[in-house]
1. Please give the FRET efficiency for Gln92 paired with Ala136, using the beta carbon to beta carbon distance and R0 = 30 Å, rounded to the nearest 0.05.
2. When ranked by the protection proxy of mean other Cβ atoms within 10 Å per residue, highest first, what sequence do the peptides 17-26, 97-106 form?
3. Using 1/(1 + (r/R0)^6) with R0 = 25 angstrom and r between the beta carbons of Arg62 and Arg18, what's the FRET efficiency to the nearest 0.05?
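Every number in this text was worked out from the coordinates using simple rules, so none of it is lab data. Note that this is a predicted model, so its numbers are computed, not measured. Backbone-built Cβ (ideal geometry, glycine too); neighbour counts: all protein chains shown.
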Amino acid sequence: MDSLAGIRYGAQITAAARANGLDPRLLAAVAAQETGGPGQDSGANIVGDSGHGHGLFQLDDRYHPIARSVAAMDPAVNAQYAGTYLASLIRQYGGNVHQALSAYNAGSPDSTGTLTTWPDGSRLGYADSVMRHLAALETNSGSSADPASSAALPPPASAAALYPSMLMPAPQIPAFTPSGQTFRSFSSEYKDGGGSIADQDDKNMSGAIDPFDDGSN
């Protein structure tokens, strides 16, 4: 599995992916979709979606209690939560990564989800857009990923293991999250002209916070 050299927060994403039996490039592709935008390989640690989306993977405070805590803006914690959630969905849908990604965004394995317009004019549903990010990451790393291999995933680590340095009570990371609890892709709604759901609050919040980006990755 690639170390995601050159990808923002690559070390945190890689650690989270490996802890959950995922290809790091697949998890990085989700981050690029959520907070990077079409044509971008990396995400950003921001608040978006009218203030509801938190951190690298835009954890939504309406559905995920961790997003209401300061921990949500720690890229390592954010990535670990997203990785655990995505891994649980891949298990739920029998290793079908496309269905898991659709459910991750829109709550249904068959949903198109948030639409993203790419620079070439392609208008892709959420899962297809993530897979396009993944293809770019595969090309850049010089090898092919096999996200379907994630069907045989290890059990999620305990919350205590995931948050050893936190002084506050550790957020509980569910092994299974009901399909109605979803993320929304901020990048597809606004960044880089990606979508059709943008409103003024989204525009005001874009890039509003990146407290963990110290330039060291």
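1. On the way: r = 27 Å, r/R0 = 0.90.
Calculated transfer efficiency: 0.65.
2. 97-106, 17-26
3. On the way: r = 29 Å, r/R0 = 1.18.
That gives a FRET efficiency of 0.25.
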